[in-house]
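Visitor: Quick one: this structure, given as structure tokens, is what I'll be asking you about.
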Amino acid sequence: LFNDVINNSDLELPALSYDEVQLVYSQTKQIIGTMVEYKELMMMYTCAIKEVKTKFDVLNTEFNVRYRRNPIEFISTRLKRTSSIAEKLQRKSLAMTPKNIEDNLSDVAGVRVICAYIDDIYAIADALIKQDDITLIARKDYIANPKPNGYRSLHLIVSVPVFFAEEKRDMRVEVQIRTIAMDFWASLEHQLKYKQAVDNEQEIVDRLRACAEVISSTDREMLSIRSEIEQAADIPSE
Ligand code: GTP
Ligand code: MG
């Protein structure tokens, strides 16, 4: 390409000096190099998601045999969108480079686990953290300490090794574990955040917080009912 631009007079390009062409060439090469690196990094995060998801699938299968029920209702995964990655780095005044992504973002790879009962959340989280290839980087218990708006979930940032053909990479994954009810609340609250209730915003916030309280007491009551039934039926509990 470089020689073509220099030598081919058929190309109707503005006259550029040798130095200018060289600069454009080296910058283009750098951009393409970064794009390839970015794509590879995203592939690695995708694989890290698979590793963590499989671990939860395995735990769910084991619990099913051991306790005759599924602690996990479903698992969803997501890779952070490029535009969201760029936005978050910009907020931190950092350039969009693969190194900055790896060093500064913990939520590029996301796994969300939805459980039926509150005790399953902690059982599943502890079972994951105990695994010797998992490193716990951060744990935020928004169930014991809900956010002021009423948000509840257990958040974990873990690091998991992923084996590729030529190397092993420790990748960070954000795990959110919550009940079906907490998930219902969080999805709705998330949607409403973007709808911008114009005049009655405070009222909406208050009503959402009230819903979160009702949901929380329902979650606790459902767990208590399940425990009583299990005791009566002599089913082993976790
Ligand atoms: P982010 O920079 O937004 O990722 O937040 P953080 O680094 O302070 O981490 P935190 O653990 O508080 O939140 C991480 C993720 O949890 C968010 O990206 C959301 O997916 C979810 N989350 C946290 N707070 C709320 C909330 O109030 N409502 C909803 N719907 N989701 C929340
Ligand atoms: Mg986030």
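The values are calculated or read from the model by the stated rules, or taken from the named source; none is laboratory data. Here the structure is a predicted model, which is why all the values come from computation and not from measurement. All Cβ positions, glycine included, derive from the backbone under ideal geometry; neighbour counts span all protein chains shown. In case anyone asks, the SASA skips ligands and DNA or RNA and just uses the protein heavy atoms, side chains included. Shrake-Rupley method; radii C 1.70, N 1.55, O 1.52, S 1.80 Å.
Visitor: In the range 78-96, which residues have a backbone nitrogen under 15 Å from the label point lying 7 Å from D103's Cα in the Cα-to-Cβ direction?
Guide: Correct set: 89-90, 92-96.
Visitor: Between Q27 and V58, what length in nm is gained on full extension when 0.36 nm per residue of separation is reduced by their alpha carbon distance? Walk me through the numbers on the way to the answer.
Guide: Numbers: separation 31, 0.36 × 31 = 11.16 nm, distance 4.67 nm.
Gain in length upon complete extension: 6.5 nm.
Visitor: Note the full-extension length gain between S217 and I157 as 0.36 nm times their separation in residues minus their Cα-Cα distance, in nm to one decimal.
Guide: On the way: separation 60, 0.36 × 60 = 21.60 nm, distance 2.71 nm.
Between S217 and I157, full extension yields an extra 18.9 nm.
Visitor: At 7 Å along Cα-to-Cβ for each site, give me the label-to-label distance between K140 and S84 in nm.
Guide: Taking the two extended label points, one gets 1.4 nm.
Visitor: Among 79-90, 53-64, 106-117, how do they line up from the highest to the lowest mean number of other beta-carbon atoms within 10 Å?
Guide: My ranking of the peptides, most packed first, is 106-117, 53-64, 79-90.
Visitor: Moving on. Give me the Kirkwood hydrodynamic radius of the chain, using the inverse of the mean 1/r over all pairs of distinct Cα atoms, in Å to one decimal. Don't skip to the answer; put the middle values down first.
Guide: On the way: mean 1/r = 0.0468 Å⁻¹.
Mean inverse Cα-Cα distance, inverted, gives 21.3 Å.
Visitor: When the accessible area of the chain is split by element with a 1.4 Å probe, what percent falls to carbon and sulfur?
Guide: Working: 7950 of 14960 Å².
Exposed carbon and sulfur together represent 53 percent of the surface.
Visitor: Using only DSSP helix segments of four residues or longer, with each worth -39500 (n - 2.57), what per-residue ellipticity at 222 nm results for the chain after dividing by its residue count and rounding to 500?
Guide: Numbers: 7 runs with 133 residues, N = 238.
Mean residue ellipticity, 222 nm, calculated: -19000 deg cm²/dmol.
Visitor: Further question on the same structure: Could you provide, to the nearest whole Å², the per residue accessible area of the range 117-185 with probe 1.4 Å?
Guide: Accessible surface, normalised per residue, equals 47 Å².
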